[in-house]
Amino acid sequence: MRVMNVIVIAALVTMFGSTSQAALPLGAGPGDDVISLIYNPMNGNLALDAAGKLITTLEIQSAAGYFTGTPADGMVQPPFDVYTPNKYFLLRTSGIGDTDLGNVLPSGLTCFAVAADLTVLGSLKPFGSLGTVDMFMCPEPSCLLPLGLGFMGVLRVNRRRHDVVR
């Protein structure tokens, strides 16, 4: 029985750790001092956590042409802003803080697909490079069902063990 418990717990830790909150590269999480993009696989929404900084230019490139959704209302303002399947570019001399970029990506992408596909460039106000941008993913509902079933299995095994002991 102990072997089964260890196997189930190891499988849950592996599955939950790789699919829930973290995307590549791993960082402290949204709200730290690092600028982050947050992808929601339920609806394809992409949000920017500017970490208290103002961004004057933001360029997100998609090698696979994933930008096929709809940017947030008023986000893309011609003639300088660009929204194509391969590029989402914003220019704001006043600066961009935390903002919703819209449902711009397909839903259901994995954290690995998003992190491998997107390249983020830009500049900060008053000057400076954007630097490293972490990417995070909202928890995927598809991982919550197996996680719940695995947890119920662990409880059942523990319950059977206690019933046998009595």
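Keeping to region 83-99, report how many residues are modelled with pLDDT of 95 or more and exposed (fewer than 15 other Cβ atoms within 10 Å of the Cβ).
Summing the residues that are modelled with pLDDT of 95 or more and exposed (fewer than 15 other Cβ atoms within 10 Å of the Cβ) in region 83-99 gives 4.
Quick one: in region 69-97, which of the residues that are β-branched (Val, Ile, Thr) and out of contact with any Leu (no Cβ under 8 Å at 6 or more places or on another chain) is farthest from Asp117 (Cα to Cα)?
Checked region 69-97; the qualifying residue farthest from Asp117 (Cα to Cα) is Thr93.
Which one is nearest to Asp49 (Cα to Cα), of the residues in region 82-116 that are of a type in the set (S, T, N, Q) and in contact (Cβ under 8 Å) with a residue 60 or more places away in the chain?
Asn103
Looking at region 34-58 only, could you name the residues that are within 17 Å of Ala115 (Cβ to Cβ) and not aliphatic (A, V, I, L, M)?
Ser36, Tyr39, Asn40, Pro41, Gly44, Asn45, Asp49
Looking at Gly69, Gly44 in this structure, which one is at pLDDT 90 or above and in contact with a Pro (Cβ under 6 Å, 6 or more places away or on another chain)?
Gly44
Which numbered condition trips up Val34, out of (1) crowded, with 17+ Cβ neighbours inside 10 Å; (2) modelled with pLDDT of 90 or more; (3) closer than 16 Å to Leu130 by Cβ; (4) over 12 Å from the mean Cα position of the chain (by Cα)?
(2)
Filter region 55-72 down to the residues that are in a loop (DSSP other than H, G, I, E, B) and surrounded by fewer than 15 Cβ atoms within 10 Å (Cβ to Cβ) and list them by number.
Ala63, Ala64, Gly65, Thr68
Mind listing just one residue for me: the one in region 80-128 that is assigned to a loop (DSSP other than H, G, I, E, B) and among the charged types (D, E, K, R) and, of those, nearest to Asn40 (Cα to Cα)?
Asp98
Could you say which residue among Met75, Met135 is among the aliphatic types (A, V, I, L, M) and modelled with pLDDT of 90 or more?
Met75
The values are calculated or read from the model by the stated rules, or taken from the named source; none is laboratory data. What you see is a predicted model; the values in this text were computed from it and never measured. So basically every Cβ, Gly included, is an ideal-geometry build from the backbone, and we count neighbours across all protein chains shown.
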